Amino acid sequence: MVQPSEPEFEQALNEVYSTLKASSLFEKEPKYEKVLPVIQIPERIIQFRVVWENDKGELEVNRGYRVQFNSALGPYKGGLRFHPTVNLSILKFLGFEQIFKNALTGLAIGGGKGGSDFNPKGRSNNEIRKFCVAFMRELSRHIGQDTDVPAGDINVGGREIGYLFGAYKAIRNSWEGVLTGKGLTWGGSLIRPEATGYGLVYYTEEMIKYATQNKENFKGKRVAISGSGNVAQYAALKVIELGGTVVSLSDSKGSIISESGITKEQIYDIQAAKLKFKSLSEIIGEASSFSKDSVKYVDGARPWTQVGQVDVALPCATQNEVSGDEAKALVAAGCKYVAEGSNMGSTQDAIDVFEGERVATASASTPAVWYGPGKASNAGGVLVSALEMAQNSQRMQWTSEKVDEELHTRMIELFKQSIKYATTYSKESNKEALPSLVMGANLAGFVKVADAMFDHGDVF
């Protein structure tokens with residue numbers, strides 16, 4: 001059923017299928033195998049043209065998409081991405097992952113994804129606003145607070161969500177929680193910008209505590225982070241708060257490496273400059289917090305082979321950003337924990353390296369590498385998006401302390417569910433190995449969605 005032109009979707013599909021079939025789930029409960037051919041096909045794919053006018057008065061045309069993948073547990077939920085690489089393969093992979101990620105949160109949300117091949121870099125605010133209005137003119141026909149609730153993703157932040165929400169409200173004459181990631185004065189939630197990065201660190205901390213029987217946490221750990229957008233920024237700030245040392249950040253053009261640790265002030269300067277779409281190389285040359293010797297810039301390289309000894313790796317940039325060779329380099333650098341802030345941040349080759357090391361070194365003197373997949377470790381963003389939906393329904397705004405507590409508690413519970421399913425359905429002979437978190441996350445999310453599909457008669 002998978003087309004050759006959909007490599008990212010095929011990769012996501014194979015990753016889920018391979019772990020489900022490597023478990024004992026289908027042997028113990030054969031009915032679940034009937035779900036596989038149904039769940040892999042989206043309930044609906046919407047594709048449309050977006051025609052808009054640039055500042056020169058010229059007509060421009062982009063492709064718009066919304067993949068409404070699975071609504072068994074609630075309204076479709078998933079981000080909108082504006083990037084020239086956007087195509088159906090990428091959106092189907094993201095939507096498919098979103099089904100299980102959203103199920104793992106324990107909240108009533110289904111899975112979807114959308115976006116456009118529009119590139120906002122180099123565009124004026126007026127052009128971005130015009131594009132968002134044109135995009136929402138069509139998308140508004142297909143979304144709603146009880147149908148489909150998009151959020152932001154790459155290149156869709158608070159500004160874009162504001163323009164999209166304003167367009168929806170004008171077109172539909174309806175104020176409703178149809179988008180998440182909204183501004184705090186008009187329905188947004190505290191902690192939403194921080195949620196994915198914070199949740200990633202909370203999840204990784206549980207990995208460290210579990211593996212060391214509560215003897216260790218982030219304190220004193222050297223942490224390599226890729227990316228320099230929202231997820232990477234807040235993950236880095238939380239790592240520093242918990243006593244870790246952040247030794248890298250990156251963007252599409254290169255990486256910055258700091259032996260002594262990137263500081264909070266440097267991250268704040270990156271936050272401000274990234275709003276203007278500046279590259280890291282430009283930022284370190286202009287921002288006052290970056291002295292001549294505070295960081296090393298490596299042009300055209302990801303951080304994984306550049307950072308030296310590290311304890312934790314947090315890929316937070318984009319899909320397939322850790323290759324098999326880079327995974328081997330992280331193992332050689334002493335990395336013990338890998339958790340994804342990006343979606344499908346590791347290639348299948350990299351996952352095979354991490355999972356192989358997890359089993360092979362379990363009883364050796366060198367601690368095993370433990371890999372946390374993005375559908376679990378980066379679920380904090382959509383988790384708080386669902387909490388934003390709850391606040392909109394109540395016409396209330398919770399305190400930052402309440403939202404952060406819910407985020408922390410649910411990320412811990414999500415981790416525990418992955419452990420439970422991995423241990424219950426594992427067929428591994430090495431009982432000393434840490435449980436497979438990728439298997440556990442896939443099983444926990446899949447079973448919850450499958451049970452709802454059986455109840456609805458979608459599978460019988």
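Taking GluC sites (Glu not before Pro) across region 194-301, the ones in a DSSP loop with at most 15 further Cβ atoms lying within 10 angstrom of their Cβ are E216, E259.
Which loop-located trypsin sites (Lys or Arg not before Pro) does region 359-460 contain, where loop means any DSSP state but H, G, I, E or B and the Cβ has at most 10 other Cβ atoms within 10 Å? Filter output for region 359-460: R395, K427, K431. For A108, no residue 5 or more places off, or on another chain, has a built amide H under 5 Å of its own. The lysines whose alpha-carbon is closer than 16 Å to the alpha-carbon of K427, local same-chain residues fewer than 8 away aside, are K21, K28. Over all orientations, region 250-341 has a Cα convex hull whose mean projected area works out to 6.0 square nanometres.
Of the cross-linked pairs K121/K221; K238/K420; K182/K296; K169/K375, those separated by over 29 Å at the C-alpha level are K121/K221; K182/K296; K169/K375. Our note on the geometry: Cα centres of region 163-228 and region 334-405, 12 Å apart.
Short-range pairs are left out: with C-alpha atoms under 8 Å and at least six residues apart, the relative contact order of region 194-377 is 21 percent. Is region 194-377 rounded, prolate or oblate when judged by the Cα gyration tensor, a ≥ b ≥ c being the square roots of its eigenvalues, rounded requiring a/c under 1.5 and prolate requiring a/b larger than b/c? The shape class here is prolate. The helix-only estimate of mean residue ellipticity at 222 nm for the chain, built from DSSP H runs of length n ≥ 4 each weighted as -39500 (n - 2.57), is -14000 deg cm²/dmol after division by the residue total. Solvent-accessible area of the chain (1.4 angstrom probe, protein heavy atoms only): carbon and sulfur portion equals 48 percent.
Here's how it looks for V459: its modeled amide H is under 5 Å from those of F454, which are all 5 or more places away or on a different chain. Note: relative contact order over the chain, using C-alpha pairs below 8 Å and six or more positions apart, is 16 percent.
Loop-located GluC sites (Glu not before Pro) in region 1-103 (DSSP state other than H, G, I, E, B) with a sparse environment of at most 13 neighbouring Cβ atoms within 10 Å: E58. Going through (1) 349; (2) 140; (3) 157, the figure that equals volume of the Cα convex hull per residue in Å³ as computed for the structure here is (2).
Using C-alpha pairs under 8 Å with a sequence gap of at least 6, the mean separation divided by the residue count of region 37-172 gives a relative contact order of 28 percent. In the full protein context, region 37-172 carries 36 Å² of accessible surface per residue, based on a 1.4 Å probe and ignoring ligands, DNA and RNA.
Taking the Kirkwood radius as Rh and the Cα radius of gyration as Rg, region 37-172 has a ratio of Rg/Rh equal to 0.98.
The values are calculated or read from the model by the stated rules, or taken from the named source; none is laboratory data. Since we're looking at a predicted model, the values are computed, not measured. All Cβ positions, glycine included, derive from the backbone under ideal geometry; neighbour counts span all protein chains shown. Protein only, heavy atoms only, side chains kept; ligands, DNA and RNA dropped before computing areas. Shrake-Rupley method; radii C 1.70, N 1.55, O 1.52, S 1.80 Å.
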